[in-house]
1. Would you mind computing Rg(Cα) / (2.2 N^0.38 Å) for region 109-235, counting N as its residues?
2. Computed FRET efficiency, Cβ-Cβ of Asp464 and Ala373, R0 35 Å: what is it to the nearest 0.05?
3. How much accessible surface area, in Å² rounded to 10, belongs to the heavy atoms of His100 with a 1.4 Å probe?
4. Ignoring ligands, DNA and RNA, please state the percent of accessible area on region 470-578 from carbon and sulfur, probe 1.4 Å.
5. On a full-extension model of 0.36 nm per residue, what is the gain between Glu355 and Gln210, subtracting their alpha-carbon distance, rounded to one decimal in nm?
6. Can you give me the % of accessible surface on region 320-448 that is carbon or sulfur? Probe 1.4 Å, all protein chains present, nothing else counted.
7. Any chance you could list the semi-axes, whole Å, largest first, of the equivalent ellipsoid that the Cα gyration tensor gives for region 139-316, using √(5λ)?
8. At R0 = 41 Å, how high is the FRET efficiency between Arg488 and Thr402 if r is their beta carbon distance? Nearest 0.05 is fine.
Amino acid sequence: MRIDTDHVGDHTQNYAVQNMSWMKTWRERLQSRLRGRETPDRSFPVLFSKFKEILALNTLVLERIATTNSMLSGDYLFDQQFIHTASKEITAVVERLVYHLDSLAPGKYPGLHAVFNRIQSEIQDELSGRRTRTSGAYVLPYERVTRYDIDDTGGKNAALAEVGNMLGLATPEGFAITAAGYHAFLDHNGLRPVIEDALRRWREGTATLQEVSKDLRERILAGALPEALHREIASGTGSLVATGPAPLVFRSSAVAEDGEQSFAGQYTSVLNVALAGTDKAYREVVASLFSESALEYARTLGIKDHEITMAVACQKMIDARVSGVLYTHNPAAPEKEQMLITATWGLGAPAVAGEARTDQFTVSREDDHPTLAVNVVRKASALRLKRGGGTRVEPVPTEQQTLPALTQEEVRRLADTALEIERYFRKPQDIEFAFDQKGRLVILQARRLSVRPDQPIRPQDLADLHSRYPVLMKNQGVIARKGIAFGRVRIVRKEEDLVGFPEGGILVARYASPVFAKVLAHAAGIITDVGAITGHLATVAREFRVPAIFNCGDATRILPDGAAITLDAEENIIYQGTVKELNQYRMVEAPMEEAYEFRLLRRVLRKIEPLRLLDPAERNFVPEACQSLHDITRFIHEKAVQTLIDFHVYNMATPQSVSGRLELPLPLDLVIIDIGGGLVAGARGRVGLEAVASVPMCALLEGMTRPGVWSNEPMSVDFAGFMSSLTRTFSTELADPRHVGRNLAVLSREYANISLRLGYHFTMIDAYVSDRISDNYVYFRFFGGVTEEERRSRRARLLNDILLEKDFRVEVHGDLVIGRATKLDAEGMRRRLSMLGVLIGFTRQLDVRMVDEERVSEFKQHFNKLLEDDHE
């Protein structure tokens, strides 16, 4: 156990002083600008310095987020002061990012300030215990609910929606009545101060639990729903029964329920509700928040008054033929690879309440799930739906009473489904299920199962695992997300390999691309050759609790595709096969997870860490879609890069700004603008290759000047194709000075922007290469040619195929090709820039020779031959 709070103070004090000074300067400059006294300097060197500051702040934010998240591992002790300090630091850095983007692109993203202020206010509400600020919607259909909505919808709603939306499993149709609806109900009836006073008196001992519980429940049951809340619930229930009459069920989904604390059986569910009884059912569920047992349970767990909030689930009732509960680990023998299932005829309420006799099935967790033991009991009665509303107990036919409630096939289906849910949530699961009258398996609820082995794994039991099991890799790379995972290796070399990703597979890839986020719901773990713990994929892995080790070097070579492995992201070891001791260790829960500080930090991090903005090409990549400080950081980083790419560098090519011209053994006249460190000291005028100090430019020139790359042979062009290129009309964007001006390179030590016009071919490359993986990127843009559209398009397809193989994300529009590669290490970036140098020379007149489709694959093979010395 490490204690990590004392060091925060001094660092925070220094940081706070620096930030206060910066804030004062920012406000003074803003006021001067508003008064018209200051004209911002828009020269490229000034903008580039702001861009570099954005990169540094971006890295700082991601490091702070990763450090703060690591406190939830159970390896550290921390207090509320740490949470306040960490939140303040991260918020302050993101505020600086917002300011710098506004300086880089003045007035272009005005909505970003409002979004930042809203998220900052939400964080302050959490820290101060004012948990009344929510999404504002009173009703959220399940198809719109995600794990990020847990503070609005409660744990039960959020988990069930995830099971349906992410795993595609059958769940009841329904919607969540949110925490915003609960707060509106309290305010409409003046209940908030009444509740606060009653709970205070109970905790001080001036009122009994029974008195407080009775009073609050009676007041809630007598309350009226606000018109807006009543209207939204009526609209939601109307949609559920639009396809035909159907009974409804109202279930609790308290904000603290089925998260880290289960609150199992503490709250009320109202079954078989008719449309006329929905308001009453809602009030009954809300009133159960203050039952004697629920209040005492909350006090035992240390739940604070402001954490008590009731969201409600409204669902179509499942007319169950058989219902039951499955534990993905047997609580009586958690060290064994067993699941436990109980089942009974009809609805499951009596079974979960312990009021009905149930069959019990002990099932293996291994493949095919053989049944290890069965205990069939006489089930003489069953709870059924009653026409007109409510339920009633009915006798079971004599011949059915001693039959097993589940068939062997149903047991196997249930076991497969349960393990899929467990893999998704990364924790043992307590699952309520039903088979309806048509035999369809429906998941009614999924919550974390608390498992504590009778004989917990001791450190000495794990100390010599590496001597008892074959080790494939050890202490290679960095742990991005701690945890234990078991599964078969799935090598992913390109985005298309993600199609059909196997359930429970361990994703092994060359780079930690954010594209992989789309399969994390199905992946047991992640291993990459290259990647940083501050990258976007690392953040998403932490959100999904997917154990991950990045930057391993050559995992894609060492780990065979399809091999069964154990990923120990606690000790940074990868074993061959399954290490059973680690499976037991994985089940052990840190008792600190139930502490208030852990709950508070989890809630605050939900405003800071989740990353929803993944793809800049999507329409929702806008400030208004940002839901966390990480979203804002991601948006700013992407737009800062794009702003630099879009900057009209030719406006700067004045005699004062030109540093020299590059002498090359190529038919290329290249003007150099050095904005700091791009050329060696003192280099001016006509300079040679040895004068270039820019890392990305050196890599590009290495490729361009390779023997055999640059062909000067004249190409024969047919007249029709040539006239087609001459009469071609370019869009305003493609015809701007960046694409049709002279050859120009803007350089610094780590940055290069190169614009080339080679005949009728236009190329632009923008790249940043440093030791910080999260900052690195390369942008490639190409269009043009001297032939008709068909041959130019064939060359575009050739470029597309080549770039995709080199880890670029590519867009092709006719003969326009745009490629982007991000977050590679410095060596990986240099290799790709060198490859682009080869590509520029190799393809500059290639459209003339693209006479048929076979040439695409032919020239691709030829190009790859040129790269044989560029080992990946």
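1. On the way: Rg = 17.7 Å, N = 127, 2.2 N^0.38 = 13.9 Å.
For region 109-235, the normalised Cα radius of gyration comes out at 1.27.
2. Working: r = 34 Å, r/R0 = 0.96.
Approximately 0.55, to the nearest 0.05.
3. 20
4. On the way: 1820 of 3660 Å².
Summing carbon and sulfur atoms, their accessible area is 50 percent of the total for region 470-578.
5. Details: separation 145, 0.36 × 145 = 52.20 nm, distance 2.48 nm.
Computed gain between Glu355 and Gln210 is 49.7 nm.
6. Details: 2670 of 5710 Å².
In region 320-448, the share of accessible area belonging to carbon and sulfur is 47 percent.
7. They are 28, 18, 13 Å, listed largest first.
8. Values: r = 42 Å, r/R0 = 1.01.
With a Förster radius of 41 Å, E is 0.50.
The values are calculated or read from the model by the stated rules, or taken from the named source; none is laboratory data. Please read all numbers here as calculations on a predicted model, not as lab measurements. With ideal geometry, Cβ positions are generated from the backbone for all residues, glycine too; neighbour counts draw on all protein chains shown. The accessibility values were calculated without ligands, DNA or RNA, using every heavy atom of the protein model including side chains. Shrake-Rupley method; radii C 1.70, N 1.55, O 1.52, S 1.80 Å.
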